[in-house]
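I have placed the structure first, in the form of structure tokens, so that the comments after it can refer back to it.
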Amino acid sequence: MKVLLTGATGYIGSAVTDHLTAAGHQVVALTRSAEPQPGRAWHAQVVGDTADPASLAGAVTPDIEAVIHLAPPSGDAGADTAVIEALAAPLRGTGRPFVYTSGVWVLGATGEAQEVGEEAPVNPAGIVGHRPRIEQRVLAEAAEGVRAVVVRPGIVYGRGGGIPAILVDRARQQGVPEYYGEEGVRWPTVHVDDLAELFVAALERAAAGTVWHGVGEPAVPVRDLARAAGRAAGVLAAPHAVPVEQAAEVFGPLFADALALDQSVSGAAARTALGWRPDRPGAVAELVSGSYRPVEVFGAPDGPETDAEVAAIRHLVAEVEHAQQNELVEQFLSVFRREDPVWTTGHGMRLSGFEEISAFTRKVLPGAMAESTAVYDVERVLFLRPGIAAVNVRQQPVLLDGTRIADRPEGRPFYILVKEDGTWRVGAAQNTVAVG
Ligand SMILES: NC(=O)c1ccc[n+]([C@@H]2O[C@H](COP(=O)([O-])OP(=O)(O)OC[C@H]3O[C@@H](n4cnc5c(N)ncnc54)[C@H](OP(=O)(O)O)[C@@H]3O)[C@@H](O)[C@H]2O)c1
């Protein structure tokens, strides 16, 4: 389909462009500026500004087979309604899809209810006060022969962006990870690439007059997200709950109230009815060892294949950390290659061969994490040749609550990894204590 996409330059719009294109659709991007944007996978670009609905007249030409409206509302109900009118009217009587982007904040705090669905009554946070009316205005187009659909994303993460990036920046600036409002606050979350796939599914398959929650994880404790954001920022400290009034001084009262919403929202309907399969790493994992922590990469070209290899290597190092923190001997051993691995410990003990490594691990790991443990972050990957990588890791000692042990030195593990049968494993590893 030839799809007019508003908000195409934005965080979600960039991912939606990629996934629409990959699914064989053509994106006509509606942008405020006529400036060409090289590198975007757009078929064409048209100029329009949603703050000036008249500028949208003519944007939906007869060859446009669908509209996805991602540009944010202005906050002026009249102007936002006029935008829907301008974008939807040319589709009337055609049965063509019009997908409007709302958000889970229209549900307000969900209270005791677990994983509320699309049928739940709205109770919008102040920042999206008139959005339910816009949703209704969009859905009413179903009676006019438009395949009108509403998508309500949760808190979007991934590609190093979105609201979680604000948590990372704040942790870096403040030297302590922050979250807002009460300790038990939870956010429904969705990976931006999973969400983009939902937009494609909604465009292709959703029935007229339907609403879909774009939610991968229904209720992630924001305290966990804050801790992970601290990790991404290199700040290993216990998260600090900032009262909403104080957060309002930083973000303004409306945004602060929204950040403090406790929500548990289900994205099950889209899985069942549209065949949506959100399968990207969860928000905490993405913050800890994904796109929010850039890795220096050498020896391989930029691109999705290298990104996938780096992600797999980070996954392996995350397994080392998880196995060690939880004293899981078998999982720890599974990261090593069977054939002649070698591991030199931080104290200089060289273990040669799988049997020696196995015997040492069985003796030392159980009980080793009773009082403290360590976190491992990949900092640099050098692909020596396809399937062989030299990896520099930063190891930091932490207490069991994740806070840095100030007076204990870091380690600088160095791994030679080998990819065999599609899986990266440790061929050789050396740890060095960083002194001074
Ligand atoms: N991010 C989330 O977690 C989240 C969650 C739920 C719902 N949403 C909703 O999803 C939508 C997209 O969010 P996002 O995070 O991708 O936002 P974003 O990164 O800020 O992108 C906004 C996009 O809208 C365009 N835009 C802004 N004002 C415009 C105007 N007056 N006329 C035309 N285009 C305009 C921007 O274009 P320029 O390049 O010209 O600035 C940009 O392409 C919004 O409606 C948002 O409320 C987001």
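The values are calculated or read from the model by the stated rules, or taken from the named source; none is laboratory data. What you see is a predicted model; the values in this text were computed from it and never measured. Neighbour counts run over all protein chains shown; Cβ positions are idealised from the backbone, glycine included. Ligands, DNA and RNA are stripped out before the accessible areas are found, and what is left, the full protein with its side chains, is counted by its heavy atoms. Shrake-Rupley method; radii C 1.70, N 1.55, O 1.52, S 1.80 Å.
Listed conditions (1) of a type in the set (A, V, I, L, M); (2) surrounded by fewer than 18 Cβ atoms within 10 Å (Cβ to Cβ); (3) over 19 Å from the mean Cα position of the chain (by Cα) are all met by A268, apart from (3). With respect to the stated conditions, A359 is surrounded by fewer than 17 Cβ atoms within 10 Å (Cβ to Cβ) and at pLDDT 95 or above. Would you check if S74 is touching a helix residue (DSSP H, G or I) at 6+ places or on another chain (Cβ under 9 Å) and open to solvent by less than 60 Å² (accessible area, probe 1.4 Å)? No, not satisfied. Listed by first and then second residue, the pairs linking a residue in the range 59-73 that is within 13 Å of the ligand (Cβ to nearest atom) to a residue that is acidic (D, E), with Cβ atoms under 6 Å apart and 6 or more places separating them unless they lie on different chains, are P73/D80.
The numbered conditions (1) part of a helix (DSSP H, G or I); (2) buried (at least 18 other Cβ atoms within 10 Å of the Cβ) are all true for R280 except (1).
When you go through (1) modelled with pLDDT of 95 or more; (2) surrounded by fewer than 21 Cβ atoms within 10 Å (Cβ to Cβ); (3) in contact with an Asp or Glu (Cβ under 9 Å, 6 or more places away or on another chain) one by one for P97, which number turns out not to apply? It fails just one condition, (2).
For the range 231-246, state whether one or more residues are part of a strand (DSSP E or B), crowded, with 21+ Cβ neighbours inside 10 Å and touching a residue at least 12 places away in the same chain (Cβ under 8 Å). Yes, some residue in the range 231-246 is part of a strand (DSSP E or B), crowded, with 21+ Cβ neighbours inside 10 Å and touching a residue at least 12 places away in the same chain (Cβ under 8 Å). Note on the range 112-127: among residues that are farther than 19 Å from A268 by Cα and surrounded by fewer than 22 Cβ atoms within 10 Å (Cβ to Cβ), the one that is farthest from the ligand (Cβ to nearest atom) is N123. In the range 128-168, the residue that is farthest from A247 (Cα to Cα) out of those that are near the ligand (Cβ under 9 Å from one of its atoms) and of a type in the set (A, V, I, L, M, F, W, C) is V151.
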